[in-house]
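Notes to accompany the following structure.
Please treat every number below as a calculation from the coordinates, not as lab data. None of these values were measured; they are calculated from a predicted model. As a convention, Cβ positions derive from the backbone with ideal geometry for all residues, glycine included, and neighbour counts pool all protein chains shown.
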């Protein structure tokens, strides 16, 4: 019998496994990952990790390995313009510290983050089984009988699905979703530039969607470039000369000459929200529970918030002698996370619709709103705290940098 079986060996799945095992070493925890063993080493992307998530990773013992590769975001700049505008006015700026010496976010290469979490899992004795997933499962009351992809059956007290936004396990559990497609795709790549970025992240609101540049170590930046899906596919398939020419029109020349140094990939964008996060002996976490627009940079961080809430729910229930897979136990996790997730999903949906257009009156209204926030330091500080995940009351302990 496995106490907690996690399906999905990305950062969310590994973090759930590590958090539970660290706080309750007597519980047996295993991870099934469908990809080959070294597949994670080929991920060239980077992610924005908010302050609350870095606190969680510190408690889990992973941040010390991540930190040398992490680049702090020291300043955020927001503009609103058209691609061909000769001047790109700045409407809003945020200083990047939630408190002295602690940036509100870092940019972290995905390979560094997953590698650090895998090292911690190994130290704690959490096995990660590769080329393995669940092909089916049946709730048998006292346990869940899970049929593995190799045909063998195992039993677990709790099955945690971290298998992505198109989660097959979510569908098997009969959990419905709210979903729609934006008709946009996010182009993700890495560029080198001649001059240093000085830790500045920029979000340019353009008619086709936001164009974000995020600082990496050295004179490099990560791009999340939103375009209409047909245009995004065309750009990714074009040669580097055409791509870099279109890129320079959006990026500008403030950092000198640009060169693409990472793979160019386009990911379709949509909103996916699970109607329920739990069922008897079953829980969703990460993208399996929610997929949102990257306009706020909060997608991955919502997953880390899930990790903190789910791990605390499991561990505290175990300490009280309760059944960790019982629905009334898991409903605490759902209550903790569902409203916040729906709120963020609605917020990103509204922001995307508000800024991904070139309608004159709407542009005037949104630019007035950005300028108003720029002139209100207390409101800016509040937004920074919210974005960093440190302002919320009732946060799970891991997000406050405390052990469970």
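In whole percent, what relative contact order does the chain give with Cα contacts below 8 Å and a gap of six or more residues?
On the way: 850 pairs, mean separation 86.5, N = 404.
The normalised contact order for the chain reaches 21 percent.
Give me the distance in nm between label points sitting 7 Å out from Cα along the Cα-to-Cβ direction at residue 249 and residue 195, one decimal.
The modelled label-to-label distance comes out at 2.3 nm.
To test your reading of the geometry: what angle, between 0 and 90 degrees and rounded to tens, separates the Cα axis of helix 240-251 from the longest principal axis of the chain?
Tilt of helix 240-251: around 80 degrees.
Which residues does the label zone of residue 233 cover in the stretch 141-168, counting backbone N under 17 Å from a point 7 Å along Cα→Cβ?
Backbone N within reach: none found.
When the helices in the chain are scored as -39500 (n - 2.57) per DSSP H run of 4 or longer and the sum is shared across all residues, what 222 nm value do you end up with, to the nearest 500 deg cm²/dmol?
-11500 deg cm²/dmol
Determine, for each peptide in 141-153, 103-115, the mean count of other beta carbons within 10 angstrom over its residues, then list the peptides with the highest first.
103-115, 141-153
Taking 25 Å as R0, compute the FRET efficiency from the Cβ-Cβ separation of residue 139 and residue 322 and round it to 0.05.
Calculated value: 0.90.
How many nm is it between the label spots at residue 260 and residue 123, if each spot is 7 Å from the Cα in line with the beta carbon?
About 3.9 nm separates the two model spin labels.
Can you tell me the Rg and the Dmax, both Å, for the Cα atoms in the stretch 169-234?
In order Rg, Dmax, the Cα atoms of the stretch 169-234 give 16.4, 52 Å.
Of 257, 74, 319, which has the largest mean-square fluctuation in a 10 Å C-alpha GNM of the chain?
319
In whole Å, what three semi-axes, largest first, describe the equivalent ellipsoid of the chain built from its Cα gyration tensor (square root of 5 times each eigenvalue)? Numbers along the way, then the final one.
Working: eigenvalues 273, 96, 85 Å².
Its equivalent ellipsoid spans semi-axes of 37, 22, 21 Å.
Say each of residue 82 and residue 353 gets a label point 7 Å from the Cα, pointing the same way as Cα to Cβ; how far apart are those two points in nm?
2.5
What full-extension length gain, to one decimal in nm, is calculated for residue 45 and residue 331 as 0.36 nm per residue of separation minus the Cα-Cα distance?
99.6 nm
Just the number: Rg to Rh for the stretch 152-293, Cα atoms, Kirkwood Rh, two decimals.
Rounded to two decimals, Rg over Rh is 1.11.
Work out the FRET efficiency for residue 37 and residue 364 from their Cβ-Cβ distance, taking R0 = 56 Å, and round it to the nearest 0.05.
That gives a FRET efficiency of 0.55.
Treating the angle as unsigned and between 0 and 90°, give the value, to the nearest 10°, between the Cα long axis of helix 110-124 and the longest Cα principal axis of the chain.
With both axes taken from Cα atoms, the answer is about 20 degrees.
In the chain, what percentage of the DSSP-assigned beta bridges are antiparallel, given to the nearest 5?
Antiparallel bridges make up about 75 percent of those DSSP assigns within the chain.
In degrees from 0 to 90, rounded to the nearest 10, what is the angle of the helix 360-374 Cα long axis to the longest principal axis of the chain?
70
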